[in-house]
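Following: one structure in structure tokens, then a few remarks.
The values are calculated or read from the model by the stated rules, or taken from the named source; none is laboratory data. Everything numeric here is computed off the predicted structure, so don't read it as measured data. All Cβ positions, glycine included, derive from the backbone under ideal geometry; neighbour counts span all protein chains shown.
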Amino acid sequence: MSAYKQSALETAVLDRFHQLYGTKGFPPASAVRVLHRENTGCGRYTDIECDAVVRLADGYLDLGGGFVEMSDVPNGMAATVLLKAGRVKMLEFAVYGGDFWDGEEREWRIV
């Protein structure tokens, strides 16, 4: 069982990954469970799990050149997913340019 409910941003980003990599088994956000979340001041680590097997090499996936624009985060942020043994393990947000982000999901969009 999930320890946390997905945030709106996490759900949207996971669904974008599904749009980009669904043919390789990347699951929709509804199939992903959030286990833990840690805001770092310059991003967020979200530990996730899912039963689906992703047919992509282990390592980090990105948004295919996309990124997240957010109010009060001047340079936006990257979103990546870590795959290990064919499973989703972590969703990571990292601000560009060394800016600060307190973890609050203000007005945002994926571009």
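The table for this structure:
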item	result
Single condition residue 104 does not satisfy, out of (1) part of a strand (DSSP E or B); (2) out of contact with any Gly (no Cβ under 6 Å at 6 or more places or on another chain); (3) charged (D, E, K, R)	(1)
Which numbered condition residue 46 misses (of (1) surrounded by fewer than 18 Cβ atoms within 10 Å (Cβ to Cβ); (2) in contact with a Lys or Arg (Cβ under 6 Å, 6 or more places away or on another chain))	(1)
Flag for residue 65 being of a type in the set (Gly, Ala, Ser) and modelled with pLDDT of 95 or more	no
Residues satisfying the stated conditions in segment 11-40, i.e. surrounded by fewer than 17 Cβ atoms within 10 Å (Cβ to Cβ) and more than 17 Å from residue 68 (Cβ to Cβ)	22, 23, 24, 25, 28, 30, 31, 33, 35, 36, 38
Single condition residue 27 does not satisfy, out of (1) of a type outside the set (D, E, K, R); (2) in contact (Cβ under 8 Å) with a residue 40 or more places away in the chain; (3) closer than 21 Å to residue 108 by Cβ	(3)
Pairs, first farther than 12 Å from residue 25 by Cβ in segment 46-65, second surrounded by fewer than 18 Cβ atoms within 10 Å (Cβ to Cβ) and of a type in the set (Phe, Trp, Tyr), C-beta under 9 Å, six or more apart	46/4
